[in-house]
Amino acid sequence: MRRPYIAGNWKMNLDRASAIALATEVASQTTGIEGVDVALCPPSVYLDAVGSAISGSQVVMGAQNMYHQPEGAFTGELSAAMLLDVGCRCVILGHSERRHEIGESNEDVNKKVLAALAAGLEPIVCVGELLAEREAGTTGEVIRNQFDGSLAGVTAEQMSQITLAYEPVWAIGTGKVASPEQAEEVHLDLRKLMEDRYNSEVAQAVRIQYGGSVKPSNAAELLAKPNIDGCLIGGASLKADLFVPVIRAAAE
């Protein structure tokens, strides 16, 4: 049985005071909720503050991105060691906004995944198709290419440290949500890809989150699907009264 995993991706939102207040509230409201893992991924400038706010709680902290080199003359970048140093346990890699807005390739994502694993950070690796790709019927091909490219060279043992996140790009921040059936279909395809590359044991062990306009009103229906193991949440993670109910739904 895979343990549900709910992560909040705050993206480029909030100020320091709001970040501390939100993290404190989430940590407080999740006390006593059992059977679910929870992560908060604030903007990098607030990592230290959020880490202090959630200290001693069951909530862990993650980063939204990192660079693949361990150190050096890479202005503006952050290494895996730096993220670990401020208390991060996980890092989001290959998010669609970085793929499509920043221009990261599968190769770029792969370098970061391998660097994160080598350092002991747990990657949340995102895959997902554009609306045009969904309408053209190429979702499966897109997901397979992103899976193969982003996870090239990852061993079966390392795969156990990775969480996958399926985020249909057309459902992120749009209010549109993939139906539970659409999401489940892609999650099942991802398990088949893992089984083909590794084995059924790996395929059944890795957690796959769904992301894309998740909120309390649709979380339970999504999480009821057998291959949806949690959520990577954007907008709804910016308010405790929206985020915590999703965590409760996962625990139930």
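Couple of notes before you dig in:
- Available extension along the chain between Asp48 and Ile102 is 16.9 nm, counting 0.36 nm per residue and deducting the alpha carbon span.
- Rounded D (µm²/s) - segment 116-252, Kirkwood Rh over Cα pairs, Stokes-Einstein at 25 °C, 0.890 mPa s: 160
- Taking segment 171-252 as the region of interest, the number of lysine pairs whose Cα atoms are within less than 23 Å, with members eight or more places apart or on different chains, is 6.
- Using only side-chain charges placed at the Cβ, +1 for Lys and Arg and -1 for Asp and Glu, the dipole size of the chain relative to its Cα centre rounds to 360 debye.
- Amide H within-cut-off set for Ile233, under 5 Å, with H built and near neighbours excluded: Ala7, Gly8, Asn9
- Take the Cβ atoms of Glu195 and Asn13, set R0 to 51 Å, and the FRET efficiency comes out at 0.85.
- Taking amide H as placed 1.01 Å from N in the peptide plane, the amide H of Ala165 sits under 5 Å from that of Val125, Cys126, Val127, Gln209, each at least 5 places away or on another chain.
- Theoretical ellipticity at 222 nm over the chain - DSSP helices of four or more residues, -39500 (n - 2.57) apiece, nearest 500: -12500 deg cm²/dmol
- Equivalent ellipsoid, segment 49-167 (semi-axes from 5 times Cα gyration tensor eigenvalues, Å): 26, 16, 15
- For a straight C-alpha distance cut-off of 23 angstrom, the lysines reachable from Lys112 (same-chain residues fewer than eight places away being disregarded) are Lys11.
- Potential lengthening between Asp85 and Glu157 on full extension [0.36 nm per residue; Cα-Cα distance subtracted]: 23.5 nm
- In Hz, Karplus ³J(HN,Hα) per residue of segment 224-230 (6.51, -1.76, 1.60; θ = phi - 60°; x = Gly, Pro): 6, 6, x, 10, 9, 9, x
- Of the GluC sites (Glu not before Pro) found in segment 1-98, those that fall in a DSSP loop while having at most 13 other beta-carbon atoms within 10 Å are Glu34, Glu71.
FYI, it's all coordinate maths here, none of it is from the lab. In this text the structure is predicted, and so the values were computed from the model without any measurement. With ideal geometry, Cβ positions are generated from the backbone for all residues, glycine too; neighbour counts draw on all protein chains shown.
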